[in-house]
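The values are calculated or read from the model by the stated rules, or taken from the named source; none is laboratory data. Quick caveat: nothing in here was measured; it's all calculated off a predicted structure. Ligands, DNA and RNA are excluded from the accessible area calculation, which covers all protein heavy atoms including side chains. Shrake-Rupley method; radii C 1.70, N 1.55, O 1.52, S 1.80 Å.
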Amino acid sequence: MNIEQTIFDLFKLGRNGIPKQTGDIGIEVEVEGMDLPSRVAGGRWMVKNDGSLRAPVGGSAYEYVTAGAIPYTDVDEVLAELKTAMVKAKPTWSNRTSVHVHVNVSDMSFRDTLNFMALYTTFEDILTEYAGGLKRSGNLFCVRAID
């Protein structure tokens, strides 16, 4: 194994015709509440049902997911699209709701990916405690590496 190979090449991620993912990050926002939009204008968000969420009576529960990884430079604009769609929404945040940010490491070397993972896990407990002010440690819906 060549530790300097990219993740894409090392794990042969392009096999079976699966295209190489471009963009830097993917974002998922899981929400429960009232008047949640079932669609987001702009075409950069998909709206999905998520079995871990619970809709309140008369409300809904959705997972808003970017349509693939987006460049860092587009994050503000893409989040503004979601914010605009949510203007009339009345979200209810619970231990089931969350925001996930997925980092596209396919262009990173195996060495850089290991370094990234080591750095993240070093600070994961602090980041988890900071997340939204809700108790996340040991939460079934927010599993840490230590769990």
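Things worth noting here:
- Cα pair distances exceeding 17 angstrom across the range 39-89, given as percent: 40
- Å² per residue, accessible surface of the range 3-147 at 1.4 Å: 64
- Rh (Kirkwood; distinct C-alpha pairs) - the range 59-122, Å: 14.7
- Placed amide H near residue 46: partners under 5 Å, 5+ positions off or other chain: 65, 66, 67
- The range 1-112 - Kirkwood radius from inverse mean 1/r over Cα pairs (Å): 15.7
- Under 13 Å from residue 48, Cα to Cα: aspartates and glutamates that are on another chain or at least 8 residues apart: 28, 30, 32, 63
- Whole-percent carbon and sulfur share, accessible surface of the chain, 1.4 Å: 59
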